[in-house]
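Undergrad: My questions all concern the structure below.
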């Protein structure tokens, strides 16, 4: 049994080396396919990070009238904190708002003199509301229409963050769809190449296969080297992909981090933590599909 | 040893390979099957090692009915029947030793046993001094000896030789014939398929003549009559 296993593996490696260029082409296609899938994974991760980055910065500023009843402001604050969509509410008092405004426009003498001309604090209290996600802002804005404090509100400053998030999602969805189509095409090409690799290998070895049959080799012994060769091709492909993916991630991660702020993408650590699962699953899926293709080629072209 | 009972073989659409052949070959016999091209000689040989299945009748080898042999059992049968062909069927990129060893390796025989058996068999066929040569470095007769050596490594009970001298000159043909006789003397049943008059006449063994897929004569110590 051990002897046969050793010889099957040896014959598989012989097939691999004797058709080295065919093996190289097959591996290249498998690597391209796997790389596309991994790019999609990275894209997924980066998109999530980008959306969460934007969402963390989304807030609604609710400006109350300068003479608004503090009880109504407190009522609005308490009410907003009870909403499940609200992540945090911060109150800025009128005096603090004035100080902040003066600091912000310290270099603009015209604005500062206008304030002086008014002779009073034009700002009312302000509530800064943060939501869990951009989608929640519709509900929060609707909640601010509550008649208990609606009249006290002067202005709601809600930038259209949801459309920004939607744009990010839309763009990444389009890239993702393109990526999926591209991986499907690569995958199909890889399958055809595997099918052809096995077909050519069977053709090249037809004389040897005929003699094997003649001298009493079992069907399994004749078929197994082709399947083992497929395992070798798949294994080498996944190893090459791993060797490409990690250094590439290490290279691009700082650039993403610069954009998002330090340590936000965590691409390398994500792939390190889930590497076994990510590449293990890819290897298994690749193995199932390539061996299926090999079995199909053998069924069609290898009569034993 | 070999028993054909009412064996017929048809090929679509209407070609008759063998027509109701009855044949019994005893262990240790040396038989020649002769006949013109297309008379069913090779079909009969192919039925012996299950390369073909009969359309009608039964084929038994050593009491084993191989008429409807399962694909899984074919390798077991072929390890008990050595086969030699006119075109030698050697692997050109393997040496003499490797060609012979190949038959054992693909059957899962341990390497230690391979190293024991191969030199012994090469010595029987007289090629022990050429074991590292490649087939193209050998004469036709020597190549056929390699093929015979490969057929012998499993110590088969039956050796089927389908036109083994077809590609050889007279001298080499005689050498191969002597080798087959020697193998037969060791107790192996030899089935020789040939249309070589001289070989058959020189053998003076049982001769079965086929014509149109039928056995038209079966003579002990026969001669080539067609």
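Every number here is computed from the coordinates shown, using simple stated rules; none is lab data. Worth saying up front: this structure is predicted, and the values here are computed from it rather than measured. Methodologically, a virtual Cβ is constructed for each residue, glycine included, from the backbone with ideal geometry; neighbour enumeration extends over all protein chains shown.
Undergrad: In degrees from 0 to 90, rounded to the nearest 10, what is the angle of the helix A:161-204 Cα long axis to the longest principal axis of chain A?
TA: For A:161-204 against chain A, the angle is about 0 degrees.
Undergrad: Here's something else I'd like to know. Using 19 Å as the cut-off for backbone N distance, which residues of region A:234-260 belong to the label zone defined by a point 7 Å from the Cα of residue A:56 along Cα→Cβ?
TA: Inside the label zone: A:253-260.
Undergrad: Calculate the FRET efficiency for residue A:69 and residue A:257 from the Cβ-Cβ distance with a Förster distance of 41 Å, rounded to the nearest 0.05.
TA: Step by step, r from the Cβ atoms, then E = 0.30.
Undergrad: What distance in nm separates the simple spin-label points at residue A:185 and residue B:111, each placed 7 Å from Cα in the Cβ direction?
TA: The modelled label-to-label distance comes out at 4.8 nm.
Undergrad: Something else now. Run lengths n ≥ 4 of DSSP H only: what is the helix-derived mean residue ellipticity at 222 nm for chain B, with -39500 (n - 2.57) per run over all residues, to the nearest 500?
TA: -9500 deg cm²/dmol
Undergrad: While we're on this one: For labels at residue B:14 and residue A:133 in the simple 7 Å Cα→Cβ model, what's the distance in nm?
TA: Spacing of the two 7 Å Cα→Cβ label points: 7.7 nm.
Undergrad: Roughly how many Å is it from the Cα centre of region A:172-200 to that of region A:122-141, as a whole number?
TA: The distance from the Cα centre of region A:172-200 to that of region A:122-141 comes to 46 Å.
Undergrad: Could you quote the convex hull projected area for region B:6-163, Cα atoms only and averaged over all directions, in nm²?
TA: 10.5 nm²
Undergrad: Taking Cα atoms, how many degrees apart are the long axis of helix A:109-118 and the longest axis of chain A, rounded to 10 and kept between 0 and 90?
TA: Helix A:109-118 sits at roughly 40 degrees to that axis.
Undergrad: For every helix of n ≥ 4 consecutive DSSP H residues, a contribution of -39,500 (n - 2.57) applies; sum these over chain A, divide by its total residues, and give [θ] at 222 nm rounded to the nearest 500 deg cm²/dmol.
TA: Helix-only estimate at 222 nm: -26000 deg cm²/dmol.
Undergrad: Same structure again: If one takes the longest principal axis of the Cα atoms in chain A, at what angle in degrees, from 0 to 90 and to the nearest 10, does the Cα axis of helix A:94-104 lie?
TA: 70 degrees
Undergrad: Between region B:163-226 and region B:63-91, what is the C-alpha centre distance in whole Å?
TA: Region B:163-226 and region B:63-91 have Cα centres spaced 20 Å from each other.
Undergrad: What residues of region A:61-96 lie in the reach of a label at residue A:120, counting those whose backbone N is under 19 Å from a point 7 Å from the Cα along Cα→Cβ?
TA: Label zone hits: A:63-73, A:93-96.
Undergrad: Evaluate E = 1/(1 + (r/R0)^6) for residue B:55 and residue A:44, where r is the Cβ-Cβ distance and R0 equals 60 Å; express this FRET efficiency to the nearest 0.05.
TA: After rounding, the FRET efficiency stands at 0.45.
Undergrad: Over chain B, what is the mean sequence separation of C-alpha contacts under 8 Å (at least six apart), divided by residue count, expressed as relative contact order in percent?
TA: For chain B, the relative contact order is 28 percent.
Undergrad: Here's a follow-up. Please tell me the relative contact order of chain A in percent, rounded to the nearest whole number, where contacts are Cα pairs under 8 Å and at least six residues apart.
TA: Contact order relative to length: 30 percent.
Undergrad: Still on this structure, I have one more. Give, in nm to one decimal, the length gained when the segment between residue A:109 and residue A:274 is fully stretched (0.36 nm per residue of separation minus the Cα-Cα distance).
TA: Computed gain between residue A:109 and residue A:274 is 53.7 nm.
Undergrad: Using alpha-carbon positions, what is the distance between the centroids of region A:48-118 and region A:15-43, in Å?
TA: That distance is 55 Å.
Undergrad: Assuming R0 = 25 Å, what is the FRET efficiency of residue A:174 and residue A:88, from their Cβ-Cβ distance, to the nearest 0.05?
TA: That pair, residue A:174 with residue A:88, gives E of 0.15.
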